[in-house]
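S.K.: A single structure is presented below for examination.
Any read-out appearing in this document is the output of simple, stated calculations on the displayed coordinates, not a laboratory observation. A quick note: this is a predicted structure, and the numbers were derived from the prediction, not measured. All Cβ positions, glycine included, derive from the backbone under ideal geometry; neighbour counts span all protein chains shown.
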Amino acid sequence: MLLLPKFDYEEPKSLPEALAMLSELKGNGKVIAGGTDLLVNMKKGTVKPAFLVSLRKVEGLREIGGENGGLAIGSHATVSEIADSDRVGSMFPVLARSASCLGSPLIRNRATIGGNIVTARPAADLPPALIVLGAYVELKGKDANRTIPLDGFFTGPGTSVIESGEVLTRIILPSAPPFTGGDYIKIGHRAALEIAIAAAASRLTLDKPDGVIVDARVVLSAVAPTAIHAASAEKALIGQRPSEELFAKAAALAEGDCSPITDMRGGAEYRRDMVNTLVKRTLLKAFNDARDMKGGNA
């Protein structure tokens with residue numbers, strides 16, 4: 001039985017207090033949210049923080065609200081809150097779908113959107129959907145704040161550009177253009193409690209319901225060190241009239257855009273085959289949603 005190592009637990013009551021505390025700890029402290037990844041890694045000994053800093057009592061970090069026509073989600077909003085939110089479901093259904101795919105109901109009740117991002121797992125469920133939606137993340141430190149595209153946040157398995165002493169406070173989703181639709185699908189061995197073997201999120205924007213594709217985003221997960229764009233597939237889609245033949249071509253190109261490995265959950269070739277299938281399915285769903293939507297909806 002694996003036991004947690006010893007650590008001190010801090011529970012600041014405001015964000016400035018938390019940021020000052022993390023600055024003083026000089027890298028020896030970790031922010032804890034739901035703990036669904038952090039506590040497991042501490043038991044394994046892969047991370048050994050001397051202090052855990054909980055933001056549970058900091059107000060405003062679980063809010064889901066409007067932001068310049070789009071949406072801002074507090075980093076400590078739970079995955080179940082996102083999956084069940086009418087606002088998220090109506091404005092960005094692809095995010096609601098990805099949230100509903102994460103783990104079991106018990107895990108979704110504990111895990112947070114910020115935690116799912118900052119752990120930088122290659123197979124995490126929320127980042128692919130957030131990247132196709134053009135999400136930004138707000139990072140705050142004791143002396144400086146910055147807002148950066150999530151697309152540039154991840155640097156490798158378990159690593160990102162977040163600096164010691166910084167806290168991810170909000171995820172900002174810009175409004176979607178008219179005639180936009182999206183989808184997210186992952187495949188695993190079981191319906192719940194499963195890390196994805198492969199996953200894909202797609203988003204298409206049409207110039208009109210029966211028109212051409214003016215923007216295309218296809219993001220793959222669990223088939224590279226980080227969530228990645230299927231750049232060849234995206235390029236092949238833009239400017240074209242949607243069709244099953246076009247989506248099949250893009251899916252075949254997406255196979256070449258990924259670099260899966262073979263591990264205990266699946267082989268590299270199987271993952272490539274699944275990328276092909278998932279990209280075709282997500283593109284078809286995105287197209288059907290896009291042509292039915294006069295307002296932005298992704």
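S.K.: Is the shape of region 115-165 best called rounded, prolate or oblate, per the rule: a/c under 1.5 gives rounded, else a/b larger than b/c gives prolate, else oblate, with a ≥ b ≥ c the square roots of the Cα gyration tensor eigenvalues?
M.R.: Working: a/c = 2.33, a/b = 1.42, b/c = 1.64.
Verdict is oblate for region 115-165.
S.K.: Name the lysines eligible as straight-distance cross-link partners of Lys6: C-alpha to C-alpha under 28 Å, and not fewer than 8 places from it in the same chain.
M.R.: Lys26, Lys30, Lys43, Lys44, Lys48, Lys57, Lys140, Lys142
S.K.: If you consider only alpha-carbon coordinates, what radius of gyration and Dmax does the chain have, in Å?
M.R.: Here Rg and the maximum Cα pair distance are 19.3, 61 Å.
S.K.: Let me ask something else about it. Between the DSSP loop rule and a limit of at most 16 other Cβ atoms within 10 Å, which trypsin sites (Lys or Arg not before Pro) in region 95-191 are left?
M.R.: Answer by residue number: Lys142, Arg190.
S.K.: Shape of region 89-230 from its Cα gyration tensor (a ≥ b ≥ c, root eigenvalues): rounded if a/c is under 1.5, otherwise prolate when a/b > b/c, or oblate?
M.R.: Oblate shape, in that a/c is at least 1.5 and b/c is the bigger or equal ratio.
S.K.: Something else now. When Lys and Arg each count +1 and Asp and Glu each count -1, what net charge do the other residues less than 13 Å away from Ala227, Cβ to Cβ, add up to?
M.R.: 0
S.K.: Please enumerate, by chain and number, the lysines with C-alpha under 20 Å from the C-alpha of Lys285, excluding those fewer than 8 residues away in the same chain.
M.R.: Those lysines meeting the cut-off are Lys186, Lys208, Lys235, Lys249, Lys294.
S.K.: Between Glu63 and Ser259, what's the calculated FRET efficiency when r is the beta-carbon distance and R0 is 51 Å? Round to 0.05.
M.R.: With a Förster radius of 51 Å, E is 0.85.
S.K.: Within 10 Å, Cβ to Cβ, of Gly181, how many net charges do the neighbouring residues add up to if Lys/Arg are +1 and Asp/Glu are -1?
M.R.: For residues surrounding Gly181, the net value is 0.
S.K.: Sticking with this one: Who wins for biggest fluctuation among Ala251, Ala123, Ala231 in a Gaussian network model of the chain, springs between alpha carbons below 10 Å?
M.R.: Ala231
S.K.: List the GluC sites (Glu not before Pro) in region 36-143 that DSSP assigns to loop (not H, G, I, E or B) and whose Cβ has at most 15 other Cβ atoms within 10 Å. Which are they?
M.R.: Passing sites in region 36-143 are Glu59, Glu63.
S.K.: Suppose each label sits 7 Å from its Cα in the direction of the beta carbon; what would the Ala268-Arg87 distance come out to in nanometres?
M.R.: Computed distance between label sites Ala268 and Arg87 equals 4.5 nm.
S.K.: Moving on. Using helices alone, I'd like the mean residue ellipticity at 222 nm for the chain: each DSSP H run of four-plus residues gives -39500 (n - 2.57), total over residue count, nearest 500.
M.R.: It comes out at -10000 deg cm²/dmol, rounded to the nearest 500.
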